[in-house]
Structure formats: structure tokens, C-alpha cells
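Asker: Please find one structure pasted underneath; my questions will follow.
The values are calculated or read from the model by the stated rules, or taken from the named source; none is laboratory data. Not measured: the values here are computed from a predicted model. No Cβ is skipped: glycine too gets one built from the backbone with ideal geometry, and neighbour counts run over all protein chains shown.
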Amino acid sequence: MTLKNFSPRLLGTLAVLWLAVPAGLGWAFVHSRDGAIPENRAADRPIQIAANGYASSQPCKACHPSQYEAWHSSYHRTMTQLATPETVVASFDGVRVDDVPGRPMFLEQRGRELWADFDEPDWDGQGNAPPRIQRRVVMTTGSHHQQIYWYATGHGRLLGQLPAIRLIGEQRWIPRRAAVMHPPGGALISESGSWNAICVQCHTTLGKPEFSSPFGTAALASQTIDTKAVEFGISCEMCHGPGEEHARLNASPLRRYALHLRGGPDSTIVQPLRLNAQRSSEVCGQCHGLWEFYDKVGERAANTNGLPYRPGDELEKSRFVVQPTRNQSSPTMKMLLEDDPRFISDVFWSDGMVRATGREYNGLIESPCFKNATDEARKMSCASCHSMHQTADDRRPAHEWADDQLTPRAAASGGNETCLACHAQLGGTQLQNHTKHLAASPGSSCYNCHMPYTTYGLLKTIRSHQISNPSVQSTLETGRPNACNLCHLDKTLDWTAGYLAQWYGPARPPFGAMTDDDRSVAASLVSLLKGDAGQRAIIAQAMGWAPAQQISGTNWLPPYLAVLLDDPYDAVRLIAYRSLRSLPGFNGLAFDFVAPPDRRGAMQRRALELWRDTRRQQGRRTDPALLFTPEGSFIAEKVDRLVNQRNNRPVLWRE
Amino acid sequence: MAGIDYSRRHLRVGWWSLFVFATLGLVLESLHGFKVRAYLDASSETRRLMWTLAHAHGTLLSLIHIAFALTLRGVPELNLRRPELISGALIGASVLLPGGFFLGGVVFYAGDPGLGVLLVPVGAVLLLTAVFLVARGTSSGQVLEKKGIRRS
């Protein structure tokens, strides 16, 4: 039989089948692997729906491939993800997690679904123990330092949070409470509904909580919750504004080529880099700043429609930017402080400098390079140092750029070039005259002196984003460690005051302003032993900072870091442990910062034994400022006295 | 135009053109091999697409030239009414289609190719014209009857 025996129609039908069958099988295979439920059919979690003139990031790729690619590599994109075996950073394959309150949590992968079996976190206290619940993990928050897991509660789109969080650097689970600077023993607030009401505002694009009555005003069980967002994660339209019209109009090649050839902006989309420094920085500040609603009406409207701010708008038109140096006595601030008297002190140093991460906009607007700049072209903005899209001339691997999303100039050689773009008179041979440190040393890095690590969040310290000069006076007034003593850990505050006065002229603080300890004990130890949990965390991390270790030596650090291994705050213990491990001879030291106190005590003793061993090889420090006797022993009574003076105020940093 | 040996012309054009576009393919592979950023970076996606299309279209058109030449030789009874138009259109398409794609990738605007891409639709029209005329020639009664195929 040959083909001639078949009619053309039959041959045509066979040809169509020949193409259609493999295509159909392929489609079915791909979709069975993906297992994704269409958004409009997902009923037990928040969903993504393009609305309000937003189009999502999908249409952006076709015309802006490199920008899309850079965004795709960023942690902004992965801030919120659907939980799948690919997006979770931890294994769910038959895993037992002991570091949770109560009984262990068990994780299981069922096909492509992720499930958890754990004690009910919202237990009402009835009965002997919280009931066990099994819930499907549906969403994640974070992919850089930590990952938080959210489960479907079964009540509308309401999410609850698993009792353990994955610490990505340490590759371990930790109890939820250990992930934040949180007073020991303090009651934990239920996280059920937090994602729907709070996270959704900044961790998605145009999120809408859609509670039937405002979050916190009625029992969750009585609420209808229909949370939606245009897109999970911080996507293109978060910075460029709604893009539906832009995408629709630019489907026309004639319009696109007219724009290409004409140059200049497209009025249908916001390009933050074309905005002035204030407006451009507000785009970042919409999330990287501390804000509140002016009133309940605004809050209610945002519950239904999402936040009203759009890139290019004046940020403070639609929200109250909390900055005590500017609006301490405003009615909104008074109202906020009536609700929570610690609202300011949990986020700001007493002089108004922000101390919690994620609020970098507050630091920027208080920086002289921003608020005192008279020349718009030289006014500092977020974009002075950060680039949301890795540029073509940036040679770094994408993951390296994504870490802080710094411009190549800001990332190179201590970032001095960025500052010298305006402060050119301090460059070249003048750099050393200005810094009084060798030009190639960390002491000549603009960042190290003017943006020290005095902000805390995500279990580490980051650089302050308020440009400031090192000041002993500020340390005395606020307790905030100054840049000099964060590097010269072994020097007193008095030593720093002397050099600053000698080099830069300001008078030394009056004699009475300093205590005997400030004059005789290393400033780092005063903060570490006497300071509050926030100050202890800052010093603990500084002790693990290579430039500080290099200039201050390391053989005196272990006993003090070991003191912090038994700190009441989980966060302080973890940071101290990280720094301890960075010291010579301590790399193999094992320590579980969330272990019970008796086990931690044993590990602390082991750290001290190690120090005694290493001290024999590395020599002893005998500086009295480090509280050592001339023989190299501790001045125990002085250490005890300082510890007894510790500032035990509860510290809860709102990251 | 009588006396022009179209078969010989298109064999020559086809093979030389194949040589040129196969060489372009080798160049593109080398750009991959040496990880040349101007070709491989995410920002060069449009260039990569345009040059790949130039290579593909150029190579395919070379083969069409050869096929056309062999058709003329193998089917002398082919009833082509405007052979000079077909020949010119095929050669024009071979220049404009891959050339347009190539130029569109030299200078481009993010996701949009450069203005050189405007040559592509002109080339496409020429190609379609040539293909249509050849197809019509193969459908004439004389050819079909010589091949022993009965018209319905």
C-alpha cells in the first residue's frame, strides 16, 4: 500500500493528528509537572489579579528584556512567592523540626504540595495542650536571609505563619520568635492575618487586604477575607506605576519607534530616574520608610483599594512618614504614641536617627547630603548608590549585584567614588588629610566613618543610611556607638574624643559628660556589658568585622563574645556566635543559640576553654581598658559591676 | 532577458549565499563560545534574536535558490511566465530578509530592533511573490500532465 491509496482529505487529517497528538501530550506533561492551580481557582490563599490599571510584569519583558532579567535576579521579585518545591529554600521531604515552641513540627511533601503538621499557634488555652493541625504551606516571604512560610488556614484567604523560620545563611530552622529582636519571655503576637493585613502592602504589588472589617477590630473567625494583589513580590509597577495603558499603547510599533526616535520620556509610565531626588527616593521610601495612615478613613480605603500612593506622587500626601525630628508633635504622631508609647523608641535612636532596617528612607531624608543640598543635580537620592537594574557595564555576577543592588561605582573600592562625585575636594591626595588614615585603609572609606553599622534588622547590623559624622557627643547622648569605636574596639570613648577634637576641631564633650568608664574602659565593652540588647548586638557584630579585628586585635574578644552567648536575647546570642566563629581557632565551635539555657551554658564554657587554649599561642592583652590585669587576667569585679548595670529595658525592634 | 541561464545563476547565488550565511552561523557560535557580552548579555537579547533570524533566513533562502535552480533543470517543462521577476525577487529576498534582520540587531532599542528591520517585510513580499509564481508554474496543465498526475 502506498500513499496514493489514501485520499487527500485522509492524508490531511493524519497530518493534523500527527502534529496535534504530540503537542497535546507535551502540553499535558508540562502542566502535570507544574501542578499550578489557576489563580482564579485558588480559594484558600491570596491571589494575583491584574486590576486598577496594573498589568503585572508579564508584558514588560517583551520590550525591556534586560530590565526584566535584572529584576528577575533580584530579591525584590522573590520577596513573596507561592510555596513550591522550587521556591522553598528548605527541604520539606519528611523533615522534623524541633526548634519550635511545644511539640516538634513535621514537614512533608505530597506530590508537589508542601504540608506541615504542628501545634496550633493560635491555641486559645483550652485543654492540656494545643491541638495538632495539618496545613498546606502555600506562600513564602523572603529568599535572601530568611524564609518565612505561610499556610492556608482554611478560612477564606487568611494565612497563618509556621512556627519556625528558615535561616538561609545558617541553613537551619529557628523558632519564629528568635528571628526578631524580641524581649525574652514576652508574649508573641499571633501572626494569623499578618500577611493579609500588613505584609501584603509592601511585599506585593498593589496588595489589597480586603478584610470585611478592619484588621484587628473584629475576630478573624467572623471576618470575610479576600486578599488580592496584582503580583506577588515587588515587581515593575511598584516603582514604575500602573503599566496597563503603557503596555496597551506601546503594542503599536509606530508609537514605540516614534518614542525611540524622539527620545525623552513616555508619559504613560513613570521612570524614577527621571524624577527629582525627592520624588525618586519616595518611590523607594514607600516601603523602605516608616509610615502610618493619617486616619482610619485612609486605612479603610486602602483595605479595599490598596495603598493610594503611585510612583511620582508626593508620598506624604497619602501617608504619614514617621520621622520624630520633623513631626514629633503632630496630631498623627500623638495619636500613634497614645496607641503605643514605644512606637518611636523601638525604631529610632533618641536623636531621631532610625535604628531599624527597612527604614532607609528615614535615614536618607535626615542626611545633610539630601536635606541640605541646594543643587538638585547634586542632591543625594537612593539612586545615588543603588540601581534597581544591573547596568550593562556592571561586571559583577547577578547574585553579587542583587545582594545590595549597589551601582558599580558604589560597590567599588569602598564606595568613595560615589561620595567624591560631589565632595571632589576630598579626593586624591586630600583623602588622607581628611581621614587621617592611610588612603588604602578602611579608615579612609567614606562608608566606614559616615555610614557605620548602627542599624539592626534580620539578625544582623547594616550601615546607617543617615549620613553623619563620627561624634562622641552623640554616643553620650543616645548610646549609639560611633564609627571610630566600632573599628577601634579596644579604645575608650575618651580616646576617640581626643582624636576627633585634635583632627576636626569640635570641642571635647565637657568633662562631666563622660563617666569614669567612658574614660577608662573600651567603649565597645561599655556598650557590650552595660548597653541594651540593641547596643549589644551592634558591638557583637562589630567584633566579627574584619577591619575592626585587624586594627583592634582578636585575642581579647572571645571572653566578651562568650559572655553574650548567654544573653537573654536570641538575636544577640546568634550575632555573638557568628563573630566568635570568625576568630582564629573558633571556626569549629558548635553553639545552638536557641538551645535551653543549661545547654548554652555548657557551650559557653567550651568557648572559654578554647580561648584559654588559643591565648597560649596568640599571647595576652594586658590593657586595663580591656579590663585585663597586667598579668592578663580579667578584672572580674569591674566586669561584674558593668554587667550589673546592664540596661535591661525590653527591646523590640520593628524591622 | 532571453538566453539567461537562471538555473546556473541561482545555483551560483545559492551556494555562495550558503557559504556566507553558514559562515555567519559559525561567527554566532563563536560569540557563544567566547561568551561575548555584547551578544549574550540579557540586554542583547534583541540582537541575539535578530542575528539568529538573519542566519536562519539567509541559510534557508540559499537552499531555496539551489532548489529553484535544480527545479529548473529537473523540470524543463515548468511553465514559468515571469522567470526574470521570480529570479529578481528571490535574489532581492535573499538580500533584504537576512540583511534586515542583521541590521535590526546592529542598533536596537531595548526590546525593539533597529530601523533596518524595515527591510524584512519588503524581502518577505519579494519571497512570497517568487514562491507564488513558481508554485503557479508547477500547477500549469503541461507540467502536471507530463508528470502523469491527473487534475481533478
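Asker: From the set of residues in the range B:8-39 that are within 14 Å of chain A (Cβ to nearest Cβ) and in a helix (DSSP H, G or I), which is surrounded by the fewest Cβ atoms within 10 Å (Cβ to Cβ)? Outline the logic, then answer.
Answerer: As a first pass, look at the range B:8-39 and keep what is within 14 Å of chain A (Cβ to nearest Cβ): B:35-39.
Adding the requirement that they be in a helix (DSSP H, G or I) leaves B:37-39.
Values: B:ARG37: 14, B:ALA38: 11, B:TYR39: 18.
Filtering first and then ranking leaves B:ALA38.
Asker: Please indicate, with yes or no, whether at least one residue in the range A:214-231 is among the aromatic types (Phe, Trp, Tyr), at pLDDT below 95 and within 27 Å of A:PRO308 (Cβ to Cβ).
Answerer: Within the range A:214-231, one or more residues are among the aromatic types (Phe, Trp, Tyr), at pLDDT below 95 and within 27 Å of A:PRO308 (Cβ to Cβ).
Asker: To continue, here is another question. From the list B:ALA56, B:ALA110, B:ALA42, pick out the single residue that is surrounded by fewer than 23 Cβ atoms within 10 Å (Cβ to Cβ), away from chain A (no Cβ under 14 Å) and not charged (D, E, K, R). Spell out how you get there, then give the answer.
Answerer: Working: B:ALA110 fails: away from chain A (no Cβ under 14 Å); B:ALA42 fails: away from chain A (no Cβ under 14 Å).
Only one candidate qualifies: B:ALA56.
Asker: Still on this model: Check A:PRO85, A:PRO130, A:PRO101 and return the single one that is assigned by TED's automatic domain parsing to the domain that holds A:LEU159 and at pLDDT 95 or above. Give the derivation first.
Answerer: Values: A:PRO130 fails: at pLDDT 95 or above; A:PRO101 fails: at pLDDT 95 or above.
That would be A:PRO85, the only listed residue that is assigned by TED's automatic domain parsing to the domain that holds A:LEU159 and at pLDDT 95 or above.
Asker: Going through the range A:404-426 one residue at a time, which ones are within 13 Å of A:SER444 (Cβ to Cβ) and surrounded by fewer than 15 Cβ atoms within 10 Å (Cβ to Cβ)?
Answerer: The one that is within 13 Å of A:SER444 (Cβ to Cβ) and surrounded by fewer than 15 Cβ atoms within 10 Å (Cβ to Cβ): A:SER413.
Asker: Let me ask something additional. May I ask you to list the residues in the range B:78-118 that are of a type in the set (Asp, Glu) and within 19 Å of the chain's Cα centre (by Cα)?
Answerer: Initial filter on the range B:78-118 (of a type in the set (Asp, Glu)): B:84, B:112.
Across the range B:78-118, the qualifying residue is only B:GLU84.
Asker: Tell me, yes or no, whether the range A:361-372 has at least one residue that is surrounded by fewer than 19 Cβ atoms within 10 Å (Cβ to Cβ), outside the structural domain of A:THR78 (by TED's automatic domain parsing) and β-branched (Val, Ile, Thr).
Answerer: No; the residues of the range A:361-372 include none that is surrounded by fewer than 19 Cβ atoms within 10 Å (Cβ to Cβ), outside the structural domain of A:THR78 (by TED's automatic domain parsing) and β-branched (Val, Ile, Thr).
Asker: Can you tell me which of A:ASP34, A:ASP44 is surrounded by 10 or more Cβ atoms within 10 Å (Cβ to Cβ), away from chain B (no Cβ under 14 Å), in contact with a Lys or Arg (Cβ under 9 Å, 6 or more places away or on another chain) and at pLDDT below 70?
Answerer: A:ASP34
Asker: Moving to a separate point now. Pull up the range A:47-76, narrow it to residues that are out of contact with any strand residue (DSSP E or B) (no Cβ under 9 Å at 6 or more places or on another chain) and assigned to a loop (DSSP other than H, G, I, E, B), then point me to the one that is nearest to the other protein chains (Cβ to nearest Cβ).
Answerer: Quick first cut of the range A:47-76, residues out of contact with any strand residue (DSSP E or B) (no Cβ under 9 Å at 6 or more places or on another chain) only: A:53, A:59-62, A:64-76.
Narrowing further to those that are assigned to a loop (DSSP other than H, G, I, E, B): A:53, A:59, A:64, A:73-76.
Numbers: A:GLY53: 21, A:PRO59: 11, A:HIS64: 5, A:SER73: 9, A:SER74: 13, A:TYR75: 17, A:HIS76: 16 Å.
Among those that are out of contact with any strand residue (DSSP E or B) (no Cβ under 9 Å at 6 or more places or on another chain) and assigned to a loop (DSSP other than H, G, I, E, B), it is A:HIS64.
Asker: Among (1) away from chain A (no Cβ under 14 Å); (2) surrounded by 16 or more Cβ atoms within 10 Å (Cβ to Cβ), where does B:GLY3 come up short?
Answerer: Only one criterion in (1) away from chain A (no Cβ under 14 Å); (2) surrounded by 16 or more Cβ atoms within 10 Å (Cβ to Cβ) is unmet by B:GLY3, namely (2).
Asker: Would you be able to say whether some residue in the range A:143-156 is surrounded by fewer than 21 Cβ atoms within 10 Å (Cβ to Cβ), of a type outside the set (A, V, I, L, M, F, W, C), touching a Pro at 6+ places or on another chain (Cβ under 8 Å) and assigned to a strand (DSSP E or B)?
Answerer: No.
Asker: Right, another one. Restricting attention to the range A:201-239, which residues are outside any loop (DSSP other than H, G, I, E, B) and either touching an Asp or Glu at 6+ places or on another chain (Cβ under 6 Å) or within 14 Å of chain B (Cβ to nearest Cβ) (or both)?
Answerer: A:THR205, A:CYS236
Asker: For the range A:376-454, list the helices (runs of 4 or more DSSP H) that sit wholly inside it and hold at least 2 residues that are out of contact with any Gly (no Cβ under 9 Å at 6 or more places or on another chain) and among the small types (Gly, Ala, Ser); which are they?
Answerer: Once the helices (runs of 4 or more DSSP H) in the range A:376-454 are filtered for at least 2 residues that are out of contact with any Gly (no Cβ under 9 Å at 6 or more places or on another chain) and among the small types (Gly, Ala, Ser), what remains is A:398-404, A:408-411.
Asker: Modelled with pLDDT of 95 or more and either among the aromatic types (Phe, Trp, Tyr) or closer than 20 Å to A:GLU231 by Cα (or both): does that describe A:PRO324? Break it down into steps so the answer makes sense when it comes.
Answerer: Values: modelled with pLDDT of 95 or more: yes; either among the aromatic types (Phe, Trp, Tyr) or closer than 20 Å to A:GLU231 by Cα (or both): no.
Spelling it out, it is not the case that A:PRO324 is modelled with pLDDT of 95 or more and either among the aromatic types (Phe, Trp, Tyr) or closer than 20 Å to A:GLU231 by Cα (or both).
Asker: Of everything in the range A:515-548 that's of a type outside the set (D, E, K, R) and free of Cβ contacts under 8 Å to residues at least 40 places away in the same chain, which residue is nearest to A:ARG581 (Cα to Cα)?
Answerer: A:GLY544
Asker: OK, next. Going through the range B:9-31 one residue at a time, which ones are within 16 Å of B:LEU53 (Cβ to Cβ), of a type outside the set (Asp, Glu) and out of contact with any His (no Cβ under 9 Å at 6 or more places or on another chain)?
Answerer: Result: B:VAL20, B:LEU31.
Asker: Please go through the range B:115-124 and give me each residue that is among the small types (Gly, Ala, Ser) and facing chain A (nearest Cβ under 9 Å), ordered by number. Write out each step before concluding.
Answerer: As a first pass, look at the range B:115-124 and keep what is among the small types (Gly, Ala, Ser): B:116, B:123-124.
Passing the criteria: none in range.
Asker: One residue is enough: does the range A:572-579 have a residue meeting the conditions β-branched (Val, Ile, Thr) and under 15 Å from A:MET543 (Cβ atoms)?
Answerer: Checked against the condition, which is being β-branched (Val, Ile, Thr) and under 15 Å from A:MET543 (Cβ atoms), the range A:572-579 yields at least one hit.
Asker: Of everything in the range A:304-330, what is buried (at least 19 other Cβ atoms within 10 Å of the Cβ), of a type outside the set (Lys, Arg), over 19 Å from A:PHE370 (Cα atoms) and in contact with a strand residue (DSSP E or B) (Cβ under 8 Å, 6 or more places away or on another chain)? Give them in sequence order.
Answerer: Hits for the range A:304-330 are A:GLY306, A:LEU307, A:PHE320.
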